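First up is the structure itself, then whatever we jot down about it.
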Amino acid sequence: MRGFQSAPLWAYLGGILGIGFVFGSIIAVPNVGVVVSVGAAILGQMLGSFLVDTFGWFGVTKIPFDPLRLLGIALLVTGVLLFRENRRAQAPRIKASQRAFKGGSALAGGVRE
């Protein structure tokens, strides 16, 4: 219990951000898909880690700016955007297949609207 009292305020960020991550995932997955949601989460963690390392926040040893690390983040951004655009292009087909599934299961006595 003493650990809670002596912990710095930033130590509680993990729990607060974790709540935001869970709620954000619940909202994002149905809209953009699992791949884009997970990719965006990894991108956020990579970008945050890059900033923490570069500026030495939270008492970590500073790691100087490296263009190669920035290139890795840029490639991850590109990947997330490509998957998002692919999802948008497939959206009409996905909606049609979902309607067909609901219609077929309604005929079989499953889903009722």
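Read-outs: derived from the displayed coordinates by stated rules, not from any lab. Just so it is clear, the model here is predicted, and its values are computed rather than measured. Please note: Cβ atoms are built from the backbone with ideal geometry, for glycine as well, and neighbour counts cover all protein chains shown.
Per-residue HN-Hα couplings for region 65-71, Karplus 6.51 cos²θ - 1.76 cosθ + 1.60 at θ = phi - 60°, whole Hz, x for Gly and Pro?
3, 9, x, 5, 5, 5, 4
Take each of the peptides 37-46, 12-21, average the number of other beta-carbon atoms within 10 Å over its residues, and list them starting from the highest.
On the way: 37-46: 15.8, 12-21: 10.7.
In decreasing order of mean packing, 37-46, 12-21 become 37-46, 12-21.
So if each residue of separation counts as 0.36 nm, and I subtract the Cα-Cα distance between residue 27 and residue 84, what length gain in nm does that give? Write down the numbers at each step before the final one.
Numbers: separation 57, 0.36 × 57 = 20.52 nm, distance 1.54 nm.
So the extension gain works out to 19.0 nm.
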